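The values are calculated or read from the model by the stated rules, or taken from the named source; none is laboratory data. Everything numeric here is computed off the predicted structure, so don't read it as measured data. Ideal geometry is used to build each Cβ from the backbone, glycine not excepted, and the neighbour counts take in all protein chains shown.
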Amino acid sequence: MSVTVIGIGADGWEGLPPASRHEIESCEVLMGSTRQLDLVPAAGPDRPVERVAWPSPLVPALPGLLERHEGRRVAVLASGDPMCHGIGSTLVRLLGAARVRVVPHPSSVSLACARLGWALNDVEVVSLVGKPAALVVPHLHPGRRVLVLGGDPREVAALAPDARLTVLEQLGGPGERVHHSLDDADPLHVLAVECGADGASLTPGRPDEEFEHDGQLTKREVRAVTLALLAPRPGELLWDVGAGAGSIAVEWCRTHPSCRAVAVERNPERAARIGRNATALGVPGIEVVVGSSPDVLDLEAPDAVFIGGGLTAEGVVERCWDAVKPSGRLVANAVTLESEAVLTRWHGRLGGDLTRIEVSRATAIGGFTGWRPQMPVTTWAVTKENA
Ligand SMILES: C[S@@+](CC[C@H](N)C(=O)[O-])C[C@H]1O[C@@H](n2cnc3c(N)ncnc32)[C@H](O)[C@@H]1O
């Protein structure tokens, strides 16, 4: 099965170059959203074209839909550039690049940059199509520019109160409008965000107060060291086992939009708190698994594992070590003698580095200031290839 994906703009048939028109005119089956299909004139009676409007939800229905039309010339309509947050990328994931031919059109991102005079290479692009608005949070940095696809401009405004927002509707079409009113934006809009002075750093070690917690929180200094040892890279998956407030998973995901994390926590109240922290800090995609380790650790193989709780439970370290991918990292923190004994045993078996972190914070003592020591934390970090 192979398909041709043709980008079409808000100016519809009029705006299509001859090559794109030819693809559409010579297909046997034309697929797309109802809005996109309506932009294309009906085929003549001599050469009927079957039109298939996307069902909802689309992605799970796609394999069956394509199978039904196996052996026919299938053309798929996509808005703008099919490979920019579009159906083209979904089809390539499904069929492989060799079976998807893409005829692009300018994307809404290119058109928005053209209207605003923004360099495309200087903007961040975030799609909120079918996703929570919180995803925009890690992209908000002083003076930066962000283009948001989909979503409700009012929700973005609430998250970026000091930003200047511009709504760009129906780009490239006869109904194009560029304005600053956030109410009743056309569904086909891009929101341009010019950040003000707000926006937190993405370097791990956020202040403890930024997390909702009940005391079960890896504190700022230890968290920064732990993240450095976990060494997140774009696209990697973390298991945060015994996640507590979820701060390790949250900071892992904030390092890059493609990083993912599963937070495993047996206490349902804490699990709910992890979800709230993830949303508040702009990484709502963290998967929270409620249950006891190792029973619930039958999950996608991780690139790194952090064990912050449950070290003394039978089989937790074994399961995590077995699951981590080759060249993956395992980092475990212990504060009790019993869990430290587990780490010492595993260090003897697998090697790696044992480090003791002792942090004291200066606090008020009467009218003076003194060091208040935090509980020492023993960290064991090991990489699979070194074991
Ligand atoms: C799933 S994304 C697809 C993006 C598309 N592939 C592209 O290249 O522009 C859909 C979102 O793109 C934006 N969009 C697409 N065409 C647009 C247009 N002509 N004017 C404004 N926004 C547009 C809207 O934010 C819409 O919700």
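Answer yes or no as to whether GLU358 is among the acidic types (Asp, Glu) and over 20 Å from ARG223 (Cα atoms). Reasoning before the result, please.
Working: among the acidic types (Asp, Glu): yes; over 20 Å from ARG223 (Cα atoms): no.
It is false that GLU358 is among the acidic types (Asp, Glu) and over 20 Å from ARG223 (Cα atoms).
Restricting to region 284-299, count the residues that are part of a loop (DSSP other than H, G, I, E, B) and buried (at least 17 other Cβ atoms within 10 Å of the Cβ). Spell out how you get there, then give the answer.
Taking region 284-299 as the starting set, the residues that turn out to be part of a loop (DSSP other than H, G, I, E, B) are 284-286, 291-299.
From what's left, buried (at least 17 other Cβ atoms within 10 Å of the Cβ): 284, 286, 293-294, 297.
Adding up the residues that qualify gives 5.
For region 47-60, state whether one or more residues are more than 16 Å from the ligand (Cβ to nearest atom) and assigned to a helix (DSSP H, G or I). Among the residues of region 47-60, at least one is more than 16 Å from the ligand (Cβ to nearest atom) and assigned to a helix (DSSP H, G or I), which makes the answer yes. Would you please list the contacts, defined by Cβ atoms under 6 Å and residues six or more apart or on different chains, that run from a residue in region 7-25 that is assigned by TED's automatic domain parsing to the domain that holds ARG101 to a residue that is polar (S, T, N, Q) and in a loop (DSSP other than H, G, I, E, B)? Qualifying pairs under 6 Å: ALA10/GLN170.
The set of residues in region 178-214 that are without any contact (Cβ under 8 Å) to a residue 40 or more places away in the chain, over 14 Å from PRO138 (Cα atoms) and either in a loop (DSSP other than H, G, I, E, B) or within 10 Å of the ligand (Cβ to nearest atom) (or both) comprises HIS180, SER181, LEU182, ASP183, ASP184, ALA185, ASP186, PRO187, HIS189, PRO207.
Quick one: which residue in LEU62, LEU16 is over 27 Å from the mean Cα position of the chain (by Cα) and surrounded by 15 or more Cβ atoms within 10 Å (Cβ to Cβ)? Give the steps one after another, and end with the answer.
Numbers: LEU62 fails: over 27 Å from the mean Cα position of the chain (by Cα).
Result: LEU16 is the single residue among LEU62, LEU16 that is over 27 Å from the mean Cα position of the chain (by Cα) and surrounded by 15 or more Cβ atoms within 10 Å (Cβ to Cβ).
Return yes when ARG73 is surrounded by fewer than 17 Cβ atoms within 10 Å (Cβ to Cβ), in contact with a Cys (Cβ under 6 Å, 6 or more places away or on another chain) and farther than 28 Å from VAL148 by Cα and no when it is not. Break it down into steps so the answer makes sense when it comes.
Values: surrounded by fewer than 17 Cβ atoms within 10 Å (Cβ to Cβ): yes; in contact with a Cys (Cβ under 6 Å, 6 or more places away or on another chain): yes; farther than 28 Å from VAL148 by Cα: yes.
So ARG73 fits the description; yes.
Filtered by the rule that a residue be more than 8 Å from LEU77 (Cβ to Cβ) and not polar (S, T, N, Q), region 25-38 gives GLU25, CYS27, GLU28, VAL29, ARG35, ASP38.
All conditions but one from (1) more than 17 Å from PRO63 (Cα to Cα); (2) surrounded by fewer than 23 Cβ atoms within 10 Å (Cβ to Cβ) apply to GLY96; the one that does not is (1).
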